[in-house]
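Enquirer: Take a look at the following structure, please.
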Amino acid sequence: MLKDKKGADVSLMPTISDFTLFTICETAMGTKLDNDQTSATVDYKNAILNIGMQMLCRITRFWLHNDLIFNNSSRGKEFAKTLQVARAFADNVIMDRKAQRLQNKAEESDVADVSDGIGTKKRLAMLDLLLEAEEKGQIDMDGIRDEVNTFMFEVGHYYFQGHDTTALALTFGLMLLADHEDVQHTYFQERIYEECQTILGDSEHVTMSNLADMKYLEAVIKEVLRLYPSVPFIGREITEDFKLGEGDITVKKGTTVDVHIYELHRRADMFPEPEKFMPERFLGTELKHPYAYVPFSAGPRNCIGGQRFAMQEMKTTLSELVRHFKIVPKVKGARPRIMVDLVLRPVDPIYVKFIPR
């Protein structure tokens, strides 16, 4: 599709958002949407955006924290209606996949070849495994629905934004790569390209082992997430009293505190020249504090599986794009205005050109 653009300006967010939605549906659910722009798909993406705004509205209005008040408010009713649209989309994915399994034997169902660099093995999509468990009486449809909703909406701890957060990270990443090329003799795209060529050569197939070897690309992604964390803040409940800093302020057990990840990642004492895009920060140097960098949260509430899936998807996508295209900004130095719902979202479109290599 990008090759057909022939250097035309591409609006990143809608293009990448479609890609990440189709990716999670195919890899986790075994369902191909391709370029599906039916009302159900469009309604789902609009619902995800609306859910984020409604949840932020509730978080920032203390009187809506009470379930009874919120559920009976106009916002609560709109939230419930919108949530139903998102869940109906997941239900349709489940039923479509179940119908396919009724037509085919489990071992003949759509599976993906996954190479581990040594041999090749067959792996069923996550939804296939859940449906297989249902056939054995190990889970019911409600359980499957819960698991699918969790993965679709909460992958990588990003509540109700499963595909959207990865799309945002890729969008900001492509913006930074396009804008920083040939700035003060830095060539981030070329370093990624050279790393990929060294690892992959002429191979068109990327293995898990290949992805693990892409250290510079991983550093680039980490720096993107430092500057533009997809989730800019998280809430945590305090489990025991503690003194704040060196002062006399005591934070009581049971208090909910907000961790502002966006500001945390721009602390000059943790990251010198914090506004500067410097992937080298994450090459061979340890952080000054284990919680200075938390794009996927940290501690017992961290979602290791979601983080791994997101990183693999971003590495695969960026490596393929940089191998086949040079990425050029529409306007050099342009930065979009930023808004926050539950995620860090550009208000203005971000355009780049993809020039075939």
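The values are calculated or read from the model by the stated rules, or taken from the named source; none is laboratory data. The structure presented is a predicted model; accordingly, all values stated were derived computationally and were not measured. Ideal geometry is used to build each Cβ from the backbone, glycine not excepted, and the neighbour counts take in all protein chains shown.
Enquirer: What's the total number of residues in the range 316-325 that are in a helix (DSSP H, G or I) and of a type in the set (Phe, Trp, Tyr)?
Expert: 0
Enquirer: I would also like to ask the following. Which of the residues belonging to the range 239-292 are farther than 30 Å from residue 220 by Cα and not β-branched (Val, Ile, Thr)?
Expert: 240, 241, 242, 243, 244, 245, 246, 247, 248, 252, 253, 254
Enquirer: So in the range 11-20, with the set limited to residues that are at pLDDT 90 or above and in contact with a helix residue (DSSP H, G or I) (Cβ under 7 Å, 6 or more places away or on another chain), which one is nearest to residue 163 (Cα to Cα)?
Expert: Top of the filtered list is 16.
Enquirer: Considering only the range 1-87, give the helices (runs of 4 or more DSSP H) lying wholly within it that have at least 3 residues that are of a type in the set (Phe, Trp, Tyr) and farther than 30 Å from residue 100 by Cβ.
Expert: Qualifying helices (runs of 4 or more DSSP H): none found.
Enquirer: What pairs come out if I take residues in the range 1-24 that are over 13 Å from residue 317 (Cα atoms) and touching a residue at least 24 places away in the same chain (Cβ under 8 Å) and pair them with residues that are part of a loop (DSSP other than H, G, I, E, B) and among the basic types (Lys, Arg) whose C-beta lies under 8 Å away, six or more apart or interchain?
Expert: 9/330
Each row is one residue, and each column tells you yes or no for (1) touching a Phe, Trp or Tyr at 6+ places or on another chain (Cβ under 7 Å); (2) without any contact (Cβ under 8 Å) to a residue 12 or more places away in the chain.
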{"residue": "195", "(1), (2)": "yes, no"}
{"residue": "203", "(1), (2)": "no, yes"}
{"residue": "212", "(1), (2)": "no, yes"}
{"residue": "218", "(1), (2)": "no, no"}
{"residue": "225", "(1), (2)": "no, no"}
{"residue": "234", "(1), (2)": "no, no"}
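Enquirer: I'd like the full set of residues that are surrounded by 12 or more Cβ atoms within 10 Å (Cβ to Cβ) and outside any helix (DSSP H, G or I), limited to the range 258-275.
Expert: Within the range 258-275, 259, 260, 265, 266, 267, 270, 271, 274 meet the criteria.
Enquirer: Oh, and also: Out of everything in the range 34-75 that is under 17 Å from residue 164 (Cβ atoms) and of a type in the set (Ser, Thr, Tyr), what residue ends up being modelled with the highest pLDDT?
Expert: So the residue we want is 44.
Enquirer: Related question: What's the number of the condition residue 296 fails, among (1) touching a helix residue (DSSP H, G or I) at 6+ places or on another chain (Cβ under 6 Å); (2) surrounded by fewer than 11 Cβ atoms within 10 Å (Cβ to Cβ)?
Expert: Only one criterion in (1) touching a helix residue (DSSP H, G or I) at 6+ places or on another chain (Cβ under 6 Å); (2) surrounded by fewer than 11 Cβ atoms within 10 Å (Cβ to Cβ) is unmet by residue 296, namely (2).
Enquirer: Something else: Select, from 355, 350, the only residue that is of a type in the set (A, V, I, L, M, F, W, C) and under 21 Å from residue 226 (Cα atoms).
Expert: Testing whether each residue is of a type in the set (A, V, I, L, M, F, W, C) and under 21 Å from residue 226 (Cα atoms) leaves just 350.
Enquirer: Do we find that residue 226 is modelled with pLDDT of 95 or more and touching a helix residue (DSSP H, G or I) at 6+ places or on another chain (Cβ under 8 Å) in this structure?
Expert: yes
Enquirer: Let me ask something additional. Somewhere in the range 165-184, is a residue at pLDDT below 60 and either within 30 Å of residue 277 (Cα to Cα) or assigned to a helix (DSSP H, G or I) (or both)?
Expert: Scanning the range 165-184 turns up at least one residue that is at pLDDT below 60 and either within 30 Å of residue 277 (Cα to Cα) or assigned to a helix (DSSP H, G or I) (or both).
Enquirer: Okay, next question. Condition check: in a helix (DSSP H, G or I), at pLDDT below 90, over 24 Å from residue 50 (Cα atoms) and of a type in the set (Gly, Ala, Ser). Does residue 156 satisfy that?
Expert: Considered against the rule, which asks whether it is in a helix (DSSP H, G or I), at pLDDT below 90, over 24 Å from residue 50 (Cα atoms) and of a type in the set (Gly, Ala, Ser), residue 156 comes out as no.
Enquirer: Out of the residues in the range 242-257 that are at pLDDT 90 or above and farther than 18 Å from residue 299 by Cα, state the one that is surrounded by the most Cβ atoms within 10 Å (Cβ to Cβ).
Expert: Residue satisfying both the conditions and the ranking: 251.
Enquirer: Tell me, which residue of the range 63-85 that is among the small types (Gly, Ala, Ser) and free of Cβ contacts under 8 Å to residues at least 12 places away in the same chain is surrounded by the most Cβ atoms within 10 Å (Cβ to Cβ)?
Expert: 73
Enquirer: Right, another one. Kindly provide the set of residues from the range 326-354 that are part of a strand (DSSP E or B), of a type in the set (A, V, I, L, M, F, W, C) and surrounded by fewer than 20 Cβ atoms within 10 Å (Cβ to Cβ), ordered by number.
Expert: If the condition is that a residue be part of a strand (DSSP E or B), of a type in the set (A, V, I, L, M, F, W, C) and surrounded by fewer than 20 Cβ atoms within 10 Å (Cβ to Cβ), then 328, 338, 339, 340 are the ones that fit.
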